[in-house]
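K.L.:
My structure is below; once you've seen it, I'll send some questions.
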Amino acid sequence: MMNLFVLLQAVTSNLEPTATVAPESYFSLIMKGGWVMIPIAILSILSIYYIIERWITISKAGKKDSIWQSRIIELISEGKTDRALNFCFEKPYVLGKVVAAGLKDEVEPIEDIEQSMEIEARQQISKLENHMNYLGIIASIAPMLGFLGTIFGVITIFYNISQTADLDIATISDGLYQKMICSGAGLLVGIVAYSGYYVLNGRIDKITSNLDKDSNEALRAIKSYKKNIMIDVQSSVN
């Protein structure tokens with residue numbers, strides 16, 4: 001009878017619900033990464049800001065409008081350079097600013113006009129590349145900060161072991177959290193910044209290629225316009 005009572009007690013104790021540990025929030029897990037997570041978080045915010053800001057700027061400046069471009073070429077060919085110049089400033093496009101630089105010097109020799117357009121093109125491309133170096137820096141620094149957090153995590157592990165002389169998982173868990181969270185966060189921020197840097201650079205390269213082709217077309221129209229003026233002058237003199 002006593003053995004039966006002991007057996008029932010054992011079965012009853014096994015059926016009792018075990019206490020469940022409430023899952024930790026993502027924020028509390030991230031905070032276990034230590035103070036290194038603060039600069040990594042700042043870099044993540046900066047990288048997202050620069051990617052969005054550059055994307056919007058590049059999209060506006062590098063937009064290709066065939067109708068608008070054809071209208072400028074048509075006005076130049078017709079000798080209506082004042083209207084063409086005003087038309088260039090109606091849109092915030094890189095091409096318009098480059099063509100406008102040439103039209104402002106229309107009375108100068110064609111070599112000077114070409115040089116003015118080249119200088120303006122370099123300046124506009126330089127403006128598109130603003131802040132791009134920051135993304136490159138973030139892509140390099142963020143993983144290094146994650147590695148630094150990993151080193152601190154290893155230090156924490158060995159310090160806890162030296163204090164407790166125990167290799168239990170509870171002793172080393174804090175250091176493991178710090179290692180893994182810092183490494184993961186640093187790599188994630190680095191990947192985002194690296195991807196944004198090369199995607200945006202690819203768009204700038206495409207804009208540069210289109211700008212070379214379209215500005216040469218405008219320059220040919222200016223040359224033709226100036227040539228017609230010279231022919232008219234010579235005809236009037238004769």
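K.L.:
Name every residue in region 112-152 that is in contact (Cβ under 8 Å) with a residue 12 or more places away in the chain and within 13 Å of residue 183 (Cα to Cα), in order of residue number.
P.N.:
Residues satisfying the conditions are 141, 142, 143, 144, 145, 146, 147, 148, 149, 150, 152.
A quick yes/no check of all residues on (1) at pLDDT 70 or above; (2) open to solvent by less than 50 Å² (accessible area, probe 1.4 Å):
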position	(1), (2)
151	yes, no
158	no, no
174	no, no
185	yes, yes
202	yes, yes
211	yes, yes
216	yes, no
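The values are calculated or read from the model by the stated rules, or taken from the named source; none is laboratory data. This structure is a prediction, so every number in the text was calculated from the model and none was measured. Heads up, the Cβs are rebuilt from the backbone with ideal geometry, glycines too, and the neighbour counts pull from every protein chain shown. Accessible surface areas use protein heavy atoms only, side chains included; no ligands, DNA or RNA. Shrake-Rupley method; radii C 1.70, N 1.55, O 1.52, S 1.80 Å.
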